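> Structure provided below as structure tokens; questions to follow.
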Amino acid sequence: MTDHARRIIDQAEDAWFILQGMARAQTQAAGPKVQTSTTPAAPLNLTMHDLAVDIATILRDLALDIADTTGEWPDGLDATGAAAFARARTEHIIGHEGREETIATLADRHRTATGILGMLPRRTRVPEPCECGAQQHVYHEHVAYVRCEDGHLASLADHAYAAGAGHFTIGQAARILGVSDRTIGRLLERGDLWGSRGSSGRRGFVDAASVTAFRHGLARRAHAG
């Protein structure tokens, strides 16, 4: 039962993390763009925003309720801090009617989020823990990223490079940089990335260090611009 409660908390936190990130959807209006002195904020998707706030509130209230019993205090009362606190103390949830009802409510919110988003991002468990010791997962979105259960984020490139991965496949490099396989091929041809496109049935590869260097170079240029 504790595993069930832990899984529901994981799912609810994942839903909150994706919802609050997608609440501000970038929209493009047809027609010419007008130059302004300030960039208007993206419109807020209230459905996603309200659900994200609701999940965060439920997780916070659950953590505070458990804290009343244990005498301990969460490191943080945002959704990540509250989820980490409750996840580590699921033995105080099972057998407590009110807290079990809260878990059922979180499961319902997760189902609602799944309906709104269509499908929550697929994730894969990372064997190595985060530097903080928490479990990590790779989230398979357009640009993949690694996130541990305590909320620490890293790009897939940085994570793989730190773990000693020497190279990526063409498809992996494309997902890391958020581009197509064809673009990776052009970057290899130009020398912007190191590796091989592959030929005669041999798979192509991209050097991991060059992917990290290229991504950091893009970030520096964007910041300078």
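No lab work stands behind these numbers, since they all come straight from the coordinates. Note that this is a predicted model, so its numbers are computed, not measured. Here Cβ is always computed from backbone atoms with ideal geometry, including for glycine, and neighbour counts include all displayed protein chains.
> Can you compute the modelled spin-label distance between Glu91 and Ala134, with each label point 7 Å from Cα toward Cβ, in nm?
According to this spin-label approximation, the distance is 2.2 nm.
> Please list, in chain and number order, the residues 5+ apart from Val126 or on another chain whose amide H is under 5 Å from its amide H, with Hs placed from the backbone.
Gln136, His137, Val138
> What does the highest-first list of 73-79, 3-9, 128-134 look like by mean Cβ count within 10 Å? Spell out each step's value before the answer.
Numbers: 73-79: 16.7, 3-9: 18.6, 128-134: 12.9.
Going by the mean number of other Cβ atoms within 10 Å, highest first, we get 3-9, 73-79, 128-134.
> Amide H to amide H under 5 Å from His167: which residues, 5+ apart in sequence or cross-chain, H placed 1.01 Å off N in plane?
Answer set, sorted by chain and number: Ala208.
> Explain nothing, just compute: Karplus ³J(HN,Hα) = 6.51 cos²θ - 1.76 cosθ + 1.60, θ = phi - 60°, for every residue of the range 15-21 in order, whole Hz, x for Gly and Pro.
4, 4, 4, 6, 4, 5, x
> Explain nothing, just compute: Karplus ³J(HN,Hα) = 6.51 cos²θ - 1.76 cosθ + 1.60, θ = phi - 60°, for every residue of the range 81-98 in order, whole Hz, x for Gly and Pro.
Running phi through 6.51 cos²θ - 1.76 cosθ + 1.60 with θ = phi - 60° gives x, 5, 5, 4, 5, 5, 4, 7, 9, 5, 5, 8, 9, 5, x, 9, 4, x Hz.
> Sticking with this structure for a sec: Step through the residues of the range 51-66 one at a time and calculate ³J(HN,Hα) from phi using the Karplus curve (6.51 cos²θ - 1.76 cosθ + 1.60, θ = phi - 60°), rounding each to whole Hz and writing x for Gly and Pro.
3J(HN,Hα) across the range 51-66, in whole Hz: 5, 4, 4, 4, 4, 4, 5, 5, 5, 4, 5, 5, 4, 5, 5, 5.
> Could you calculate the contour length gain from Asp50 to Met22, that is, 0.36 nm times the residue separation minus the distance between their Cα atoms, to one decimal place in nm? Present the calculation step by step, with values, prior to reporting the outcome.
Numbers: separation 28, 0.36 × 28 = 10.08 nm, distance 1.19 nm.
The span from Asp50 to Met22 would gain 8.9 nm if fully extended.
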